[in-house]
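Student: Dropping a structure here in structure tokens format, bear with me for questions.
The values are calculated or read from the model by the stated rules, or taken from the named source; none is laboratory data. It should be emphasised that the depicted structure is a prediction, and the values quoted were computed from it without experimental measurement. FYI the Cβ positions are ideal-geometry reconstructions off the backbone, even for glycines, and counts take in every protein chain you see.
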Amino acid sequence: MRILSTLLLLTIYLQTYAGEGMWLPHLLKAMNEKDMQAMGMKLKAEDIYSVNKGSLKDAIVHFGGFCTGEVISAQGLVLTNHHCGYDNILSHSTLEKNYMKNGFWSKSLKEELPNKGLFVKFIEKIEDVTSQIMAGISPGISLKERQILIDANIAKFKAQMKMDKFHAVDIKPFFAGNQYLAFYTVSYNDIRLVGTPPESIGKFGADTDNWVWPRHTGDFSLFRIYAGPNNEPADYAENNKPFTPSHFLPVSLDGVEEGDFTMIFGFPGRTDEYLPAIAVEQVMDVSDPAKIAVRDAALKVMDKYMRKDPVTKLKYAGKFATIANYWKKWIGEAEGLKKTNAVYKKLKFEKEFERRANLDTRYKGLLPRFNALYEDIEEVSMVRDYFSEAPNRNIELLRLMNTIRPLVSTFENNGAADYEKMKLRVLTSLEAFYKEYAAEIDHEIFERVMEICVQNIPAKYLPTSVIDKDIQQMALKIYGQSNFTDMDKAKAVLSKNPAEAVKMIQSDPAFMLANEWNDLMKIEVSPIYDITKAKIDSLQMIYMKAQMDLFPEKKFYPDANSTLRVTFGKVSGFKPKDGLIYDHTTHLDGVIEKYIPSDYEFDVDPKLLDLYNKKDYGPYADETGSVPVCFLGSNHTTGGNSGSPAIDANGNLIGLNFDRVWEGTMSDNNYDPSICRNIMVDARYILFIIDKHAGANRLIDEMKLVHPKKKKKKKKQVEAMY
Ligand code: ARG
Ligand code: GLU
């Protein structure tokens, strides 16, 4: 009896929270349809992915190659995140017409704004091409020979396809190289900005609230796909027409309740779910802490100066947001891995793996080999982390030397004419660099970050000019004497004749330190790292196959690799720590609770305040009388899933994915249903802002708004009458 009830509890628990997995759309029928339907989905796998008829996948786009977007009208209207449209919104903004600050809503098709270089990509068909791509590969072959054969097979496969400029086939490895899939794609290159809320809505809470629940960000923007006269893909042309999709997502006005089925359809970037315990331990104890420490120091310095001076604030805002984004993510990841005993869980799995592997000659002794390799790589891998975060990122004067260095090598190898060409390119990069640079801040970052490097990097991997030196003196010398601390001095160097300029560069103290460090990495670190990493990768390929062979009862999904995936879960709050429970939803009232007048993160737009004061919510409020803003789900997502639609049991849009809770960002290495949650903007908040705040009724009119739940309730009432 007791066993039965434990089993029952376990099933309920699993049913409530099953959210792990980034599944391949063309395999849903075989792998997931039943589970999805058991969780409440009313659709068939064929409604989600079909090559024969319009299906949900025809509404999903890879947005610019880095985010996801979805078509939400018959006129090619595309919804994505504000932070995905950010650069394009910024590119149309000036101090006079500040769309970033004030928002932008085009009043007609004519006013929609073209974006150079922006594209969206649809997936037409997915095909398993493993046998073609692996043709000729025999078991004993070296990794290098294997890769050469695979590259040749891919080239041959692509050559057979007659593709034009807009159609392509992408071939990607899955399951650590055990399988290859082909994605047939079509791209549209005329994508125009239709509308965006002001930053105080689209980025409400900015860095303080980033990765955090409770969340109140209206992180959305709207674009439109334009096509040629016959709806065909086309480059930008003024006379292009709004694109007619084969499917678009209706938008639900009914909102969500705890436990509702949710599905996220998009392009997750990268996960590593099948690593051995020792690898996860290194992420948690070595790699994340190293990267966090450097960024922590750099961010503290930036923050100090940004708070003192509004000009600095603007200058450093973009840089700060980018660095803070993953800094915060890694903190959550390391803590989450600890909290959920990820390493212990992996070790437990490995014990069972070993038991089964011992009965199978193919995979005996695999795990000990892994442990030895990871021990070999640990130190150099950590040194690489410091190198990539310190001189290659956060100490910007040293990073800038990567831009300057090609001038020297070009002059030495190709002569003055090529140097002059290269110089033009370098000057453009310098303009962009100095726009967001203050030597005073960088000087202080150098001191703090170098202290960390000297403390943590073993001496043999440190440039000799740094060992046992007074860092402050060194900083004074470098920042006092370098010619690259501002644009004028840098320009003065580059205005000299090539031979003289190169000589000046070579004797610049910043250049000398950066070069010494670079060479040291090349000589002492890369040889060990590259060879060991290649061995780890080929062993991971075998380990992946071994896991699949030895655990036939388990369902495996491939790691994310920027290809189209479906993940499904439920609307669900969670318990981040003892004594604290997070509700699954937030409301406009919470925006007002967080409101700090004229704060750069928590200011509230006057029009939104006005709507709030008048409770002018139209049909977008829920039963609490307030407008829902964000909600949580147990869907397994990662970077790249930004802008992905949250879809209900019937195929309607209920929300827009834009973040995860930081307690659960370890889902990239080890999804745990207890604390892994994705964060979505509620579709009703998006509609409320478009309709009531922006007054962009023409956009509401072109969408298809639906009431799936109300219909059901009505039907029940009618049934009850008879
Ligand atoms: N954390 C989200 C993601 O990983 C949102 C990032 C954009 N927002 C920001 N404040 N940096 O991309
Ligand atoms: N904000 C992320 C993105 O830009 C999504 C959050 C995550 O990493 O899950 O894709």
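Student: How do the pairs read when you match residues in segment 637-659 that are in contact (Cβ under 8 Å) with a residue 24 or more places away in the chain with residues anywhere that are acidic (Asp, Glu) and away from ligand 2 (no atom under 16 Å from the Cβ), using Cβ under 6 Å and keeping only pairs 6 or more apart or on different chains?
Tutor: 654/648; 655/682
Student: Quick check on this structure: which one of 440, 436 is farther than 24 Å from residue 519 by Cβ, touching a Phe, Trp or Tyr at 6+ places or on another chain (Cβ under 9 Å) and at pLDDT below 95?
Tutor: Of the residues listed, the single one that is farther than 24 Å from residue 519 by Cβ, touching a Phe, Trp or Tyr at 6+ places or on another chain (Cβ under 9 Å) and at pLDDT below 95 is 436.
Student: Of the residues 97, 57, which single one is on the phi < 0 side of the Ramachandran plot and touching a Pro at 6+ places or on another chain (Cβ under 6 Å)?
Tutor: Checking each option against the conditions leaves just 57.
Student: Limited to segment 629-650, what total is found for residues that are surrounded by fewer than 23 Cβ atoms within 10 Å (Cβ to Cβ) and away from ligand 1 (no atom under 16 Å from the Cβ)?
Tutor: Residues in segment 629-650 being surrounded by fewer than 23 Cβ atoms within 10 Å (Cβ to Cβ) and away from ligand 1 (no atom under 16 Å from the Cβ): 2 in total.
Student: While we're here: Those residues that are within 16 Å of ligand 2 (Cβ to nearest atom), touching a Lys or Arg at 6+ places or on another chain (Cβ under 8 Å) and among the hydrophobic types (A, V, I, L, M, F, W, C), I need them from segment 325-372; list them, please.
Tutor: 327, 330
Student: Here is a further query. Which pairs have Cβ atoms under 6 Å, sit 6 or more apart or on different chains, and link a residue in segment 688-700 that is assigned to a helix (DSSP H, G or I) to one that is among the acidic types (Asp, Glu)?
Tutor: 700/691
Student: Being surrounded by fewer than 24 Cβ atoms within 10 Å (Cβ to Cβ) and among the basic types (Lys, Arg) is the filter here, so list the residues in segment 675-702 that pass it.
Tutor: Matches in segment 675-702: 692, 698.
Student: Hey, another quick one. Check 386, 419 and return the single one that is modelled with pLDDT of 95 or more, in contact with a Ser or Thr (Cβ under 8 Å, 6 or more places away or on another chain), more than 16 Å from ligand 1 (Cβ to nearest atom) and not β-branched (Val, Ile, Thr).
Tutor: Unique residue meeting the criteria: 419.
Student: Is it the case, given these coordinates, that residue 73 is more than 16 Å from ligand 2 (Cβ to nearest atom), hydroxyl-bearing (Ser, Thr, Tyr), out of contact with any Ser or Thr (no Cβ under 6 Å at 6 or more places or on another chain) and within 21 Å of residue 686 (Cβ to Cβ)?
Tutor: yes
Student: In the list 345, 351, which residue meets the criterion of being closer than 22 Å to residue 551 by Cα and over 28 Å from the mean Cα position of the chain (by Cα)?
Tutor: 351
Student: Here's another thing I want to ask about it. Answer yes or no as to whether residue 644 is within 13 Å of ligand 2 (Cβ to nearest atom), in contact with a Phe, Trp or Tyr (Cβ under 9 Å, 6 or more places away or on another chain), at pLDDT 95 or above and among the small types (Gly, Ala, Ser).
Tutor: yes
Student: Could you tell me how many of the residues in segment 57-98 are surrounded by fewer than 22 Cβ atoms within 10 Å (Cβ to Cβ), touching a residue at least 60 places away in the same chain (Cβ under 8 Å) and away from ligand 1 (no atom under 16 Å from the Cβ)?
Tutor: Going through segment 57-98 one residue at a time, the tally reaches 4.
Student: Can you pull out every residue in segment 654-674 that is more than 10 Å from ligand 2 (Cβ to nearest atom) and surrounded by 24 or more Cβ atoms within 10 Å (Cβ to Cβ)?
Tutor: If the condition is that a residue be more than 10 Å from ligand 2 (Cβ to nearest atom) and surrounded by 24 or more Cβ atoms within 10 Å (Cβ to Cβ), then 654, 655, 656, 663, 666, 670 are the ones that fit.
Student: OK, next. Quick one: is residue 622 within 18 Å of residue 208 (Cα to Cα), part of a loop (DSSP other than H, G, I, E, B) and touching a residue at least 60 places away in the same chain (Cβ under 8 Å)?
Tutor: So residue 622 fails the test.
Student: Quick check: anything in segment 568-583 among the charged types (D, E, K, R) and closer than 30 Å to residue 57 by Cβ?
Tutor: yes
Student: Still on this structure: Taking segment 203-219 as the region of interest, how many residues are within 13 Å of ligand 2 (Cβ to nearest atom) and over 12 Å from residue 601 (Cβ atoms)?
Tutor: The qualifying residues number 4.
Student: Let me ask you something else. Is it the case, given these coordinates, that residue 191 is in a strand (DSSP E or B) and under 30 Å from residue 688 (Cβ atoms)?
Tutor: Yes, satisfied.
Student: Identify the single condition in (1) more than 16 Å from ligand 2 (Cβ to nearest atom); (2) at pLDDT 95 or above that residue 708 does not satisfy, given that it satisfies every other one.
Tutor: Every condition holds for residue 708 apart from (2).
Student: On to the next question. How about segment 603-628: which of its residues are in contact with a strand residue (DSSP E or B) (Cβ under 6 Å, 6 or more places away or on another chain), more than 22 Å from residue 222 (Cα to Cα) and crowded, with 18+ Cβ neighbours inside 10 Å?
Tutor: 626
Student: Cβ-Cβ distance below 7 Å, separation of 6 or more or different chains: which pairs start in segment 316-342 with a residue that is closer than 25 Å to residue 302 by Cα and end on one that is hydroxyl-bearing (Ser, Thr, Tyr) and within 13 Å of ligand 1 (Cβ to nearest atom)?
Tutor: Pairs that qualify, where the first residue is closer than 25 Å to residue 302 by Cα and the partner is hydroxyl-bearing (Ser, Thr, Tyr) and within 13 Å of ligand 1 (Cβ to nearest atom), are 329/665; 332/665; 333/665.
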